[in-house]
Each structure stands twice: as structure tokens, then as C-alpha cells.
1. Among the residues of the stretch D:30-48, write down those that are at pLDDT 90 or above, out of contact with any helix residue (DSSP H, G or I) (no Cβ under 6 Å at 6 or more places or on another chain) and within 11 Å of chain B (Cβ to nearest Cβ).
2. Which residue out of D:Arg139, D:Arg179 is more than 16 Å from ligand 1 (Cβ to nearest atom), among the basic types (Lys, Arg) and within 22 Å of the chain's Cα centre (by Cα)?
3. What number of residues in the stretch D:57-76 are among the small types (Gly, Ala, Ser) and more than 16 Å from ligand 3 (Cβ to nearest atom)?
4. Pull up the stretch D:140-195, narrow it to residues that are small (Gly, Ala, Ser) and within 16 Å of ligand 4 (Cβ to nearest atom), then point me to the one that is farthest from E:Gly170 (Cα to Cα).
5. Kindly provide the set of residues from the stretch D:60-81 that are at the interface with chain B (Cβ under 9 Å from one of its Cβ atoms) and part of a loop (DSSP other than H, G, I, E, B), ordered by number.
6. Failed condition for A:Ala111, given (1) in contact with a Phe, Trp or Tyr (Cβ under 6 Å, 6 or more places away or on another chain); (2) without any contact (Cβ under 8 Å) to a residue 24 or more places away in the chain, with all others met?
7. Looking at D:Gln173, D:Gln79, which one is in contact (Cβ under 8 Å) with a residue 40 or more places away in the chain, among the polar types (S, T, N, Q), within 16 Å of ligand 3 (Cβ to nearest atom) and at negative phi?
8. Only one of C:Gly154, C:Gly130 is modelled with pLDDT under 95 and either small (Gly, Ala, Ser) or under 20 Å from the mean Cα position of the chain (by Cα) (or both). Can you tell me which?
Amino acid sequence: GGNGGGGSEGDGPRVAVVLKTLTSPYWLQVKGGAEQAGKDTGADVTLAGATQETAVQEQIDKVRAAITQQVDALVVAPTQAEQLQPVLEEAKSADIPVLLVDTNIEGWDGAETFIGTDNRSAGEQAGEFITEQTSEGSALLIRGVPGNPSTDDRIDGAKEVLEEAGIDIAAELSANSDRAEGRSVTADALQANPDISIIFAANDDMALGAIEAVKAAGLNPADMTIVGVDGTSDAVESIQNGELTASIAQNAYDMGVTSVEEALKVIDGETIEKRIDTGVTLVTADNAEEYAQQLADQEG
Amino acid sequence: MTQTAALPPTPTPSSSQRHNQLLKATLALVRLGPLVMLGVLVLIMASVSPLFLTGRNLGNVGLEASVVAILALGQLLVIITAGIDLSQGSLIALTSVVGALWIRDLDIVSGWAVIPTMILAGGLAGAISGTLFVKGKIPHPFLPTLAMLMVARGLALLFSDGQPITGMPDAIRTLGSSRIGDVPVAVILVAALAVLIHVLLTRVTWGQWIYAIGANREGARRVGIPVDRVLISVYVLSGMAAGTAALVVSGQTNSAYPTAGNLMELSAIAAVIIGGASFFGGRGTVLGAIVGALILGVIQNGLNLLNVSAAWQYVALGTVVVIAVEMDVLRGYLESRLRIIRTEEKEA
Amino acid sequence: MTQTAALPPTPTPSSSQRHNQLLKATLALVRLGPLVMLGVLVLIMASVSPLFLTGRNLGNVGLEASVVAILALGQLLVIITAGIDLSQGSLIALTSVVGALWIRDLDIVSGWAVIPTMILAGGLAGAISGTLFVKGKIPHPFLPTLAMLMVARGLALLFSDGQPITGMPDAIRTLGSSRIGDVPVAVILVAALAVLIHVLLTRVTWGQWIYAIGANREGARRVGIPVDRVLISVYVLSGMAAGTAALVVSGQTNSAYPTAGNLMELSAIAAVIIGGASFFGGRGTVLGAIVGALILGVIQNGLNLLNVSAAWQYVALGTVVVIAVEMDVLRGYLESRLRIIRTEEKEA
Amino acid sequence: MTETAANDVTTPARDHGRQEPPVLEVRGAVKRFGAVTALGGVDLTLRRRQVVGLLGDNGAGKSTLIKAITGVHALDEGQILLDGEPVSIRTPTEARQHGIEAVYQDLALFDNLGIVSNLYLGNELTKPRRFRALGWLDRKAMERDARERLEKLQVNVPSFNSQIGLMSGGQRQAVAVARAVAFASRVLILDEPTAALGVRETRNVLDTISRLPEEHDLSVILISHNMDHVVQVCDEAVVMRQGRVVGSATPSPDTLQDIVSMIVGATGPGSTPPTGK
Amino acid sequence: MTETAANDVTTPARDHGRQEPPVLEVRGAVKRFGAVTALGGVDLTLRRRQVVGLLGDNGAGKSTLIKAITGVHALDEGQILLDGEPVSIRTPTEARQHGIEAVYQDLALFDNLGIVSNLYLGNELTKPRRFRALGWLDRKAMERDARERLEKLQVNVPSFNSQIGLMSGGQRQAVAVARAVAFASRVLILDEPTAALGVRETRNVLDTISRLPEEHDLSVILISHNMDHVVQVCDEAVVMRQGRVVGSATPSPDTLQDIVSMIVGATGPGSTPPTGK
Ligand SMILES: Nc1ncnc2c1ncn2[C@@H]1O[C@H](COP(=O)(O)OP(=O)(O)OP(=O)(O)O)[C@@H](O)[C@H]1O
Ligand SMILES: Nc1ncnc2c1ncn2[C@@H]1O[C@H](COP(=O)(O)OP(=O)(O)OP(=O)(O)O)[C@@H](O)[C@H]1O
Ligand SMILES: [Mg+2]
Ligand SMILES: [Mg+2]
């Protein structure tokens, strides 16, 4: 049933997109894609997200609000995979199809599809990229908020590849996904391990903070391999400046677009693929300009 | 030294009487303080979103407020004694992780056995911070409970390896997710706990002692109240409240995760204070704390229904907090203007 | 009624004298309280990590502690008046975002002009929460500053659209990142501010008033201290401290971002209390607050050097907080045992 | 049954003040707290250099009256006049600006500060003098002055620098009295200033009070439950009962019994004896 | 200069207690605060049904002595004996278990609670009686009893249910005294209990004190700065100066001058007059 919804503007089908948060560049890209898809297709897309990437309870409340509104489809990026499962089952039992984006719930087949890349493989790709650049050296891994599965998976993926390649993991510290903490953690790690030449951070913000520490320590970031995840515009700019080596971009914008498009298919009764890989783009000095242009177009 | 000024003339009886009537009417409204605030909020939400007043959504509000309400009941006791418990949020994480590991590693089939484990684990943590505070002769519980906040979060991360643990027994899932009609089981739990704490506070010696300790700790010692033991008991109950809240949280999510409950103690404290308790101790009621939790829940739910962005949610929440305290201040002022003895505060 | 017990025999002079000497030696050590704690920590860190005592690393410690230290200087003033300011962390985000937008949208070349803007923006926010607290007659600043915490975070998100803004002028980058020798500029800034606040507190009437208000607010009003204005001034300074801290944070990261400073007020409060101030007001020193911030900084740095995981860092921080307060408690106890008048607290 | 302890206090000149103009007048003061009418229409006149004793049972409204005069409580009805002009005193600061100082029954002391700070709080001596809040504290000058004042009141304090929170009840009270005496310029109000004082300190405080009108051109209101003290230092005794003034008398050993009757209500409000006015 | 106000208090039997055995003995009590020696070796004997007046200047150590007896402060040296047995009283609760109750100069009242709660706090009447902390409060019984007690002391309270924080100084003190009288079973200690009381209330409290030994088998220590009160109710007056006992006397109008001399130090510790012992 689509009538009686609060604040519906258009007459198109209503799609609620509940992301982890709307307070960081990555999620704002997803948001941008979803909104653009809504405009292009005439669907009534509403965006929501918790105040922080780790606020599970808030996200559950937002999903419930969408169920109350009896939207036609629900796109969710689960903050903690399994933790969202009960409320998403509630949605199913209210006859609202659920699509997952960015983060999958392994072992739950209630979702129509999963759109995105798995964070672990993004981490693995980062690891592979790094091992292509250098075959030796010691590495600093910067984790996000302790217990946040997305950032933990990226680090775990990269760590496995690096260790296999025989690269020494000199330090593995948490910087709570915060740029300032990324800086101070790196400063300390460089102090303890002056031979660190590889830095992998679970997001771009922390990688950018790390670059500040590298510069403050009198080192040249260009001499090191520094990799982040997300492909934010700040990160791309840094790559163009020759400071950040690379960023694993998860094509967040595409995720947003695809998720809304697929949701509309589901509403129309089409069957869709159970898994849609939006792939990752490795942004390096080679393709930074192109990618920057793409970002600018998306912002549009 | 020669500054002089005429006093304003005393108002004539008739005009002053009309004035008084107006004041009285305002007061009658404001007096219920947080309750009126809650009513006004409900009216606003109902008028902007037709979905708000549906039974299902009210159930949602209750469910969403229930975690904060349970924490607030424990926090209320602590605040009446002029204390504060910052560890509640972390204890949600620690107790649910402990409970989940207990289930997983000991292959316990019946979920009922886990319920007391989690509550008692919270109580134990409360006993530790309470004892540290009291027996460690620390002047204020801020630091010991802040320490517990950090240690509990650290232990939750360690025990769980930073990973969520999925799969809760039915008993706990029922607590967190089931409804009887539109009424969530968690709401019934809150109601039962509220009655229990209310009775403890108003009908039982221990409740008197809490209020007395909050007003004059040294004096309470002199009249022979076992102050140390009573204070520790208060922190134990606050920790048990966190353990109980953990039941609801893990029931709702069918899992335990080490980042659960982050900073939820701040909401609980805000609920208690919005409900009219004082940081200086000796004041506060169960009704107030519950209403405070509901106010926060209604705002959150309403803003979600209206799909207000996180940024505006922050601004709205902040504004409502200020309005809520100012209502309380206004009530006090009107009461003193109308020279009405505040009998309702004396129930303590 | 017939319970009797023999008193323990008074110790013989010689044994008691030796005992006293031992006590005195312990006290002499403990007396410096937080300072000794800091010293012990430094020794431990130096012994486990040879890198710790290098000039460069000490500079790191200073830099890492400087943000918390600046916040703590503002928070100290608030806590001496028996208050609390929960909004500092959010104000870091708000003021740095405001400053960054000011730079970007107004095309201001010189970074120097932005520095006062950010500090004054913090002061303005402090003035708002202070005025709400004082003029709104709210009994405790917890709620108004909690409201400011939320509103400021919301505004920072709104103004910045949730995006970080990269690129700070040289003046600010110098503040955040440059060093003179091994000494970071931020550390020099902290030292200068500390001296300023110390002088205000100990040599100037206003400082006396702050201590008096903290001990007896009603009494301070009776003796004619302009309590309301003094209290507001304290919150203004605390907000300005947040604005100053924002300079260092955005200088360090060469950017402003709306999630900056999250919960940093808790560290600042912990630093002040570890440094010997009291939530009940009327006590606290600049030296203590700075040492408190350094203690937190040393722990953080040391654990990072040792590559300790986040989970264990939480546990270690919590433990150290408890040890720090217990040292202060022990000091009080030893002093009363040795019947030494606490002259050093009277400097207030 | 004769108290001889304070006998040797110099008997003050008893007759001054009568012809002087009123410094402070209270007219029709009403103050209610909830259902309690603490003041039910009180009139009071204090003449220049007069010492008026305010007497009455517990709860008679004495403290409430002086709190109204000093701006701690706002009156519900009634007027306060200083030197014949109606004034509005809404805060203690305004009262102080009018030259009115008070020692309250619940002392306003600062337990974390020393004697000197307690004496000068709100009246700090600073260099340069005109900066108030941001002036440099002139600790030396304050300490010198404080020492003199306490010596005059012959107060024993354990150490000049120790916190006032650690002193005995009487020592604290003495500091409060010294403070008020130092800064009053027009009217000094003392609410049971000798309640906690020993024999010697009581004698000194009474001595000081009786010298104030002459030496400092002050008028004094003294609240006391001790008849002897009232007889020793007061020019007039005003008796309150249940929020009203029920009579007044010139205190002397002869009128003592009358005053006591008024206090405990043996003579009704209507039957106030004409006390030689 | 004669206080007649309290003349009609029934003169107590003056001679009881002398032959009775000591209830409470303090031997060589020493208490130092930092550099201050508040008690420098005090001996005190209180016999059964005796009323001892403890006198002395401000800071003489009176409050410190009674706080040591009631477990608020720990003695640095010395012993306390009850009925001849040395006891260790380390907390107020232990003192109460020994049947010692006190009204402190700084009252221990709870401003947020009503009169009844203040009277019974720590001694609540509960149903069933044996549960203490978790017993059901028997409000009715407490209120009935409280009403009786306050009537006996003839205290006027504005309303029985209002918070004690809103009452006048005297009303508060009366509640504190009523409380202590109600629960003492062996020794009652009163630190300036009439300091804030009006004429009528003072009379009632003194009256009550003088009846306590007979009616309740209690021994009393009364600290007071008012000589008349001491003469009226005390069997013996013990004078302290600078932390030591400097003498004692049977208080009567005749010995009054001697006692005052002892207090102010006109007679040295060595020249204590033999007061008819
Ligand atoms: N803030 C208040 N709120 C409510 N009632 C009050 C307040 N202050 C005083 N009262 C009541 O007003 C009456 C007068 O009190 P007040 O303190 O003026 O008496 P008083 O004459 O000073 O007595 P005392 O000799 O005991 O000090 C008392 O009944 C008291 O309980
Ligand atoms: N806790 C304390 N710390 C330091 N000094 C104290 C403390 N308590 C009392 N003193 C000091 O001990 C001495 C005795 O004080 P005490 O209160 O016993 O005197 P008192 O005889 O009761 O005087 P008063 O008649 O004024 O009440 C005083 O000099 C006082 O300053
Ligand atoms: Mg009074
Ligand atoms: Mg005393």
C-alpha cells in the first residue's frame, strides 16, 4: 500500500534508503547517487542515516520509521550486518522488499540483492596494489572505530595479503576513523618504527591525517606507499599532489544509483540478480584526473 | 549612596486577581512539567505526521525509549545520591558480549539462564565502580565510573575480538522484539521495573536513605545510615539496569557487539535531569525519569518519521533539552509567585 | 550496649617516630600527586621503549597533549565554579568549520584573520550556553552545555554539508604542525595560555571570585560579587579554549571536518579532575590541569609506541585514571595523618 | 540567676538617636512563603545612630525581615525608605551600594578561602584601585588591615592563612562580624551575631556594636535572643510575633519583664505597654 | 542586668549524680589538626544521671571533644570508657550503638526531607520491624509519635509536611534536639542547643534537659556560652581553655564569677579553685 505516507512528494514508488550515516564523504557519495537515480526515474527516494557510523540503535530506529511509513522498497547499508537482521525481517513481514548496499549480511537470504563490494576484498586489493609497488618494507595499518566491521574487514584483508608477501606489519593502531587521530597515531608509530614505508588506513580521512604526520616528521610522503579507502575528493586531490599513493574507491556513487534502480525493478515485480558487484576503482596518479572529473560530474 | 527609586505600585486587587488567575492557569499546565512537554511533543508529532499516533508506531516509540528508560531508572538512583554513572553504555556492550559468549561457548540451550548472568554481570561491574568510589574515598563518582566506561569497553572488545556475536536465545529475543498486541514486551518490562523502583524509593527505608544521602552525606553518616553500603547498592543497581538494558538491545538485534550502547548513559542522564532530578542530589522521581526517556524517544521517532537529517536532529534535540529544563525552571518560578507550597516534592 | 573493646596501645615513641618518618617520605612523594604519577609513567615508558625519551618523541607527546591541555584550561575555570562544559568537543568542529568556510568563501588570503574568528566563534557559543545556564536559571550547566554539544555538532554538519574542508592557511598550519627545535609551536602556545590563566586565577580579583563562587554561590551573591557575569565569563573562556584547540586540530590535519573533537571534553574533564580539582567546586590549579593532560598524553603515546591494541588501550587508560585519583586520595590521607596543614591549597 | 559575665561592658550612651532623623524605614512589609505568612505588614523605623534590638520567638519573621531589607528576598508588598526616600533593593549588591551590610544567621563564608579573602571578598583592595574584576590583588594591604581588625575584636585564630572551613564555629562567626563592621557605611544588621561566641568574644562584639554609632556614624539592627545583650547595647527593643510587630520598649532591667511578655505573647498586640516614649 | 525570662524553669534536683558511678570517662584525650592542638590531654568524667556543662572560649576544643566521643573524629591519643570499660568508638554509628546521641553545632539535618523523616532517619519505624534497610516505612506511627514529641517541646512548625530546609533557624534546631532526646539511651550531648532558640523554645529545651536524668535515666553533656542556662540545669561545670580542662565547679550564682574567670583565663590552670568537691 502506498497511500498515507508522510511527506511524500512525487507519485512515483517510494524507496527509503537508510545508510550508515550521512556525516562522512563516502556516504554522501552514495547519497548523491541515490538521489540522482531518484530524479532520473521519478521515484520518491528518501535518504536517512545515523549520526555516526557505529550507531546501530539509531539505524534500527530509522528502519522502523521506514516500515511505519510503508515504503515500497527499503535499501539499507547495515551498520553491523547481523544486528540489523531482526528489524529487516520485520520489514519483510510487512511486505517491504529489502535491498542491501555496501555491506552484506552473510547467511541471510531475505534480501533481494546485495549491491556493492565486500570490504574484505577491497582490503585485499589494496594489499595487492601495495605489494606491486614494493616488495619489502614495514607497514603501519590504521584501523577505524574498534569493532566497526567495515573498517576492520578492510584492514584484515590487506593484512593477510601483506603478510603473505612477507611485508612486516610494524604497527596496527586504531584512529577511530578520525583525521586528527590518524595524524597522532602515525606520528607515534613513526617514532617507534622509523623504517615504516607503507601506510594503509581503513579510510581516506585517516590516510590524510597520516600524511600530515609524515610531513611533520620531515619525511616526504612521495617516498612512501600510503593508501586509503573511499576515493573521496580530498584523497584524489592529495593523489594529484603526489602525496597519497592511492585510494581504493568503492564506486560509492554507482552503488547509490544501482541500488535505487534495482529497487524499482523489484517493485515492478522483476527478479534481479542476488549479487551485484559494483567493483572498485583503484585511484592512482595515473587515473586521478579522470576520476576527479567523474566525481565533479556526479556532484553535478 | 543617594540612589533612590520608587517601588512599583501594588497592583489593584481586581487586576492582580485576574493576573493571579492567569498565573495559576499557566502553572497548572506547567506544573506537570515534563509531562506537559511530552504531551505538547506528541501533539506536534501527531499533527505533522499522521503515522505517529498509530498503535504500531507508538509501540515503536516505546521500544525505542525502553533502553534509555531502563538505564534512566538506574541512573536516577545514582543521581539522587548526588552521583553520576558514566559506565552504563559500555556495560551494555560488556554484559551482552559476556552473555553471548556464555551461550556460545557453554552450549547453553535455554536462554533463561543467560538473563540473570547478564544482569548480574552488570551488577558486579557496578559493585566494582561503586566500591572504588566509596572505599577508595574518591570525592566524586565521575572518575571511577569514567574508568569503568573505558575498561568495560576495552574488555568487551577483547572478549569479542572486536566481532559481533550473532544468535540470541528465544527468551532474550522475545524481550527485545515481541509485542503483545501493539505493546512491546520491553515496554511491559520497563513498566514493571518503574513500579518496583518507585516503591523502593517512596515506601521503603532504603529509599529514604538515598534521598538523605543525596542531601547531606556527612549528616547521613552521623545519624547512623550505613552510607557506604547504601551508595554501593546504588551503583550495583545502576549496573544491573545496564545489564537489563543489554537484554533488550541484544534481543532487538539478535546479537551482541562490542560497540553497543556507546554513550547511551548521556541520554539516560539527560532523561533523568529533564525529569526534574538535580545533580546536587536529594531530588528526583521515577515518573520524571520515565517521562524524560519518553520525551527523548518521541523526538527521535518523530524526526525519523519526518526523515529529518542527522544534522537537524542534533539541533532539534539540543533545543528540546533546553526547553525541557526551562519548563522546570518556569514551574519553580510560578510556584513561588503563587506562593503554593510544593507539596509534591515532599513525597521523598 | 555492653560491647567493649580495648583501644590499640599507643605506639612507643621510637617505633612511632620511625613510622612517621616513613609516612613523611611517602607523603613527600605522593604530595606532588599528579606530578609524581606523571614522573612514574615517564619512567615506565622510558624503560619499556628506548624511543620514548627522545626529544622528537617528547615533542610528539606535547603535541598530542596540547589539544586536551588547551581544553582543560578552559574546563578548569568551569569546574572551579562547580560547573561542567560538555560542549567543548563539538565546538572544535563548529569553530573550525566556520573558520574554514570563512577562508574558502570569503577568499581571505591571510590566515591570521581567521585565528580570531575561530576563537571568538567559540567564545560566542560559550556565551550562549553560559547565558542560558545563568539567565535561564538552570540549576546545573550539564543540560545547557549538553544542548550546546548537540546543536554545535548539528550546525557543524549543516554548514559543512558533512564534508571535510581541506586547506588551512599557513598561520594555522604553523600553529598545528611546526616545531622550534623539537618543541612544537602548539606546546609554546599551551605554556603561554597556562601562565595567563594561572595569573588570572591567583593574582587577580576575578580569580578569587571564581573560587568563591565555586565554594558558595549564594554567599558570593550576598557579598556583592557579580556572580552571573563572572559565571558567563567562565563559559566564554571555555568556549574560547575550544576555539583555540580547534586552531591546533585544523593546523595538525590541514583541514576542518564536522566530526572533529568528538567527546574530547571528556578527556579535558578527566585531565582537570586527575589534576586535583573537585566537581564540588572551589578547588583546582592550572598546574594540575596541565599535568593531568600530560598524563593522558603520555599514556596514549606510550601505548602507541608499544603498538598496544585499542582494546588494551581502553583498559590501560581506565586503570591509570583510577590510580591517579587514588594517589590524590592517599595524599589527603597522609597529610591528615601527619597533621600537616595543607598550605599549598590555600593559594586560592 | 544573674549573669555577671558581661557586666563590665561599657554601658553605652542610651539617649542618642531619639531626636535623629530616620535612616531606614520599613512600611507595611508583607512576605509570604507558600501558605506561610512570614511577614504580615511590618513597620519599622531605625533612626540615625540608633541601635534597635529586634526580638521575637523562633519563626517570628526576624530573619525574613532583614533579608527583605538586604535584598535577599523580594517583598510581596510594602516599601523600604532610606533617609526618607523610597528605594528598591532587589539584590544584596544594591543593599551594599546603599551602605547596608548584614551578618546573616546562616553565614556567608567561603570554606575554601583564608581569613583575608573572606574578609575582603567583593571589596578587594586592588592595584590600581579602579579596576575591579581585573584588578591586581593587593594581598599585603589586605592582610595588614585584616590583622588590625581581628585584633580589635580580640579573635583568636589558629593561623592567619588556614582555610576558614577548618575553624571553630565561633571563629567563623567572628570573621563574619568583622567583615560586616568593616564595610557598612549606613546600616549594619546583625542576625544573632553572638549565638556561637564565647564569653570573651561576645563581650568584644557587644563592645564594638555599642561604639559603632559614635565612631562610625552607623545605625544598627541587632537580632538576639539574649535579653542581657539587648539591655546592654540597644536603644530600643522591637518585638515581633507571628510576622507582625507587637510592640516596642526602651530596654532596661525594669522593662525586661514586659518585653519577655510581649515575646511569648502574654500581652496581646493591642495591649502594647506604652514604654516611656 | 538580670535575665528574668527563664526564671520560672523548675529548678532541677541539684544533688543527684554525685554518688552515682561514672557512665562516661575520657582519659588523656589528644587531638591535633595539622599544627593546631585542639585537645591537649583532656580528662572528663560524666556520672550516671548527671548534667555536666562544658564551657570555654571559642576554639577551646569543646566541639572537638564531643566529636571525639561520638566517633566523628578519631582521637590521636587517649581512651574513652563507658561504664568503666574501655571502648573504641570509631564511627557515629558505634556511638549510637553505645546509646550516645548528640546534637552538633553544625546540625545534621536533611533539607529535602520533612520533619518526620528528619526525626526518624536512621531509626525508621518499619513493618515488619526487623527489616531495617528494606523494611516498609510505617509513616503513620512515625507521624503520630513525632507530633507528640514536638508538642512536648512546644515547637511551632509552619506545616508538618513542609521541607525542613524552608524553616527558621530555631525551628530547625528544635527538630534536631527532639531527635537526639528521642533516641539517646545512655548519654546525650548537646552542643549549644539553644543558640538559635527563642525565649519560649529555650525554656522548653532547658526544661526537657533537666527532666531527662530522672525520666529517661540519661546523662547529659551540655555545651553552652550562656551562664544562666548552665546554672539552671547543670550539676557540674567543666571549663576548657586551649584544649585543656582548666577547672570545674558546681554552678550557682555564687560560683559564676569564678567560672567566668576560668573561661577567660583570669585564673590559671594551676589555680583552679576547689569547688566544694
Ligand atoms: N524560604 C522560605 N520558604 C518557606 N518558608 C520560609 C522560608 N524562610 C522562612 N520561612 C518561614 O517563615 C517563618 C519566619 O522565618 P524566619 O526565619 O524569619 O524566623 P526568625 O524570626 O528569624 O526565627 P529564628 O529566631 O528561629 O531565626 C518561619 O515559619 C519559616 O519557616
Ligand atoms: N577539622 C579541623 N581541621 C583543622 N582544625 C580544626 C578542625 N576542627 C577544629 N579545628 C580547630 O581546633 C580548635 C578547636 O575547635 P573546636 O571547634 O573544638 O572549638 P569550640 O570549643 O567548639 O569553639 P566554639 O565555641 O567556637 O564552637 C580551633 O582552633 C579550630 O580552628
Ligand atoms: Mg532567624
Ligand atoms: Mg564548637
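1. Hit for the stretch D:30-48 is D:Val30, nothing else.
2. Details: D:Arg139 fails: within 22 Å of the chain's Cα centre (by Cα).
The unique qualifying residue is D:Arg179.
3. Step one: list which residues in the stretch D:57-76 are among the small types (Gly, Ala, Ser), which gives D:59-61, D:63, D:68, D:71, D:74.
So of that shortlist, the ones also more than 16 Å from ligand 3 (Cβ to nearest atom) come out as D:71, D:74.
Here the count works out to 2.
4. Let us first name the residues in the stretch D:140-195 that are small (Gly, Ala, Ser), namely D:141, D:146, D:159, D:162, D:165, D:168-170, D:174, D:176, D:178, D:180, D:182, D:184-185, D:195.
Adding the requirement that they be within 16 Å of ligand 4 (Cβ to nearest atom) leaves D:165, D:168-170, D:174, D:176, D:195.
On the way: D:Gly165: 23, D:Ser168: 20, D:Gly169: 17, D:Gly170: 18, D:Ala174: 21, D:Ala176: 20, D:Ala195: 12 Å.
If we take residues in the stretch D:140-195 being small (Gly, Ala, Ser) and within 16 Å of ligand 4 (Cβ to nearest atom), then D:Gly165 is farthest from E:Gly170 (Cα to Cα).
5. Hits for the stretch D:60-81 are D:Leu75, D:Asp76.
6. It fails just one condition, (1).
7. Values: D:Gln79 fails: within 16 Å of ligand 3 (Cβ to nearest atom).
Going through D:Gln173, D:Gln79 in turn, the sole match is D:Gln173.
8. Values: C:Gly130 fails: modelled with pLDDT under 95.
On inspection, the qualifying residue turns out to be C:Gly154.
The values are calculated or read from the model by the stated rules, or taken from the named source; none is laboratory data. Every value quoted in this text rests on a predicted model; they were computed, and no experiment measured them. Neighbour counts run over all protein chains shown; Cβ positions are idealised from the backbone, glycine included.
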